[in-house]
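Structure, as structure tokens:
Coordinate-derived values only; no laboratory data. Since the model is a prediction, treat every value here as computed from it, not as a measurement. Here the Cβ is made from the backbone with ideal geometry for all residues, glycine too, and neighbour counts use every protein chain on show.
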Amino acid sequence: MSKKPTPTLTESEQAELRERSRTPTYRKVRRVEPTDGPGTPSAKAPDPDLGDAMIPKERYTSRGFLQLEWDRMWSKVWLLGGLESDVPEPGDYICTEIGRESILLVRQADGRMRAFYNVCLHRGNRLRPTGISSADSFKCQYHHWEYGIDGRFVRIPDLDTFPQGAPPCRGLKELPCDTWGGFVWFSLNREVGPLAEYLSPIPQHLDPYHFPRMALTRDITVEWNCNWKASVDAFNESYHVQGIHPQLLYYLHDLDIQIDCYERHNRYLIPFGTVSPRVRKPPSIPDPIKTIMKTAGMDPADYDEPLENLRRDVQVHKRRTGASMGRDYSKLNDDQLTDDYHYLIFPNVTLNVHADDLMLFRQRPHPTDPDRMLYDVWTFELVPEGAERPPRPKHQYFRHGDKSIGLVLDQDAQNLPGVQDGMHSAGLDGLWIGSQELRIRHFHKVLMDYLGKDADEAAAKLDSR
Ligand code: FES
Ligand SMILES: [Fe+2]
């Protein structure tokens with residue numbers, strides 16, 4: 001059977017399409033230059049040359065690729081396990097899952113955190129269910145093998161009936177564990193380098209926000225029917241704002257924003273409290289921006305400056321009044337008082353960082369199914385000095401569509417099952433990535449640095465077995 005040649009867009013057809021696709025802009029599109037301050041660097045990092053090749057769609061659908069991700073990436077990197085504030089006392093622990101593994105992150109008598117596989121060394125029973133709790137020791141429910149909070153054997157009933165004695169390892173298998181930013185991190189890789197080195201330059205960028213002063217206000221996990229990377233991608237570009245979040249065009253600047261790619265991690269800086277150049281200037285202050293003003297303690301009715309001054313004026317107001325409201329902005333630059341400094345900590349932690357709040361997403365792969373994932377959302381609010389911390393919210397777990405998770409995140413979520421279906425279609429060749437999506441390209445570059453150049457081919461081989 002003769003194969004039909006693939007139709008190719010001619011140069012004049014390209015030019016015509018380009019003309020039709022021109023973005024109407026109502027104000028000069030310019031990079032909004034952040035002002036340099038004492039803390040978080042705001043200078044633009046040079047863009048890496050990552051080419052313009054199509055990204056293979058099979059990375060999102062292949063079981064072989066999922067396996068390679070586990071073998072060569074998930075089991076090598078540092079991973080976010082939970083919140084330090086959830087485990088203040090010795091014996092407090094977080095039991096978290098990644099892939100097929102379940103891990104105990106336990107506060108020790110000396111205040112340190114340690115990580116152990118959550119598996120009994122007798123016949124493999126899980127010691128504790130997923131969640132947060134406290135223990136004097138970990139006693140397996142099955143035959144009552146008991147381990148201390150330091151992981152060591154405390155008691156093995158009828159040990160003398162084991163002619164080989166106790167397992168020689170002394171207790172639960174331990175993993176690297178460390179803390180940063182009020183979060184507990186662990187790695188499945190015993191040879192992993194220091195956490196600070198792995199996270200660099202994130203602590204330097206984000207310590208000025210003082211995350212440990214923020215309190216958790218929401219804790220949910222949603223099962224999504226898409227590959228975990230489709231979810232990471234959905235938050236790594238501002239191109240979709242004009243597509244699925246039209247209301248945000250009256251709230252933020254989405255076009256030509258600053259993107260910075262570092263060795264592993266990346267970010268973009270989205271100005272808030274301003275209007276997208278894609279839309280005509282509204283006759284009055286848009287409601288979402290009024291909310292920003294009110295939250296900052298300004299009365300929109302009193303504001304009679306032009307709209308383009310508003311973002312700067314909110315910054316000035318917050319700078320002037322922050323300390324008296326118990327909010328320490330001293331380490332933040334002016335733009336950080338309004339904007340979304342948006343980071344990806346490779347591979348799976350997305351942070352929407354603001355002076356007064358943080359919205360964090362953690363994407364986790366399904367253990368065996370590339371078409372499914374877990375989407376964790378944690379939101380935090382800065383607790384003003386002297387104010388009481390709000391009570392910790394209960395963790396909620398549900399499936400996509402069972403409940404609204406808020407307008408913007410619902411809009412983000414609604415496409416993803418369709419995207420995942422499309423990745424399986426013979427009608428799609430691969431991901432066609434533009435410069436507004438540079439962070440997606442960078443993410444894939446880092447991923448492939450872990451997986452190796454042969455990974456796409458090796459995954460296909462695994463799939464054909
Ligand atoms: S499996 Fe844990 S004591 Fe037997
Ligand atoms: Fe979005």
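Some observations on this one:
- Taking a sphere under 13 Å around the Cβ of ARG63 and counting the other residues whose Cβ falls inside, with K and R at +1 and D and E at -1, yields a net charge of -2.
- Computed over region 334-465, the Cα gyration tensor eigenvalues convert (square root of 5λ each) into semi-axes of 33, 19, 15 Å, ordered from largest to smallest.
- Per-selection Kirkwood Rh - region 78-191 (Cα, Å, 1 d.p.): 14.3
- Using Cβ point charges alone (K and R +1, D and E -1), the dipole size of region 78-191 about the Cα centre works out to roughly 320 debye.
- Distance from the Cα centroid of region 381-417 to that of region 273-298 is 23 Å (rounded to whole angstrom).
- Lysines with Cα under 28 Å of LYS76, excluding same-chain neighbours fewer than 8 positions away: LYS57, LYS173, LYS229, LYS445, LYS453, LYS461
- Each Lys or Arg adds one and each Asp or Glu takes one away; over the other residues whose Cβ falls under 14 Å from the Cβ of ASP302, this sums to -2.
- The equivalent ellipsoid that matches the C-alpha gyration tensor of region 204-326 spans semi-axes of 28, 22, 15 angstrom, in descending order.
- Net charge over other residues, Cβ less than 13 angstrom from the Cβ of ARG389 (K, R count +1; D, E count -1): -2
- Semi-axis lengths (Å, descending) of the ellipsoid that matches the C-alpha gyration tensor of the chain: 41, 32, 18
- Only helices enter this figure: runs of n ≥ 4 DSSP H residues, each worth -39500 (n - 2.57), summed and divided by the residues of the chain, yield -6000 deg cm²/dmol at 222 nm to the nearest 500.
- Order by protection proxy (mean Cβ within 10 Å, highest first), peptides 232-244, 287-299: 232-244, 287-299
- For the chain, a crude dipole built from +1 on the beta carbon of Lys and Arg and -1 on the beta carbon of Asp and Glu, taken about the Cα centre, is about 560 debye to the nearest 20.
- Each of TRP70, ILE98, LEU80 was scored by the projection of its Cα onto the charge dipole of region 53-107, and the greatest displacement toward the positive side belongs to TRP70; charges sit on the C-beta of Lys, Arg, Asp and Glu.
- Unit charges at the beta carbon, dipole of the chain: most positive-side option, ALA45, ALA387, PHE346: PHE346
- Between ARG465 and ARG320, full extension at 0.36 nm per residue minus the direct alpha carbon distance yields a gain of 45.7 nm.
- Listed pairs LYS44/LYS331; LYS44/LYS281; LYS294/LYS318; LYS290/LYS318 exceeding 22 Å between Cα atoms: LYS44/LYS281
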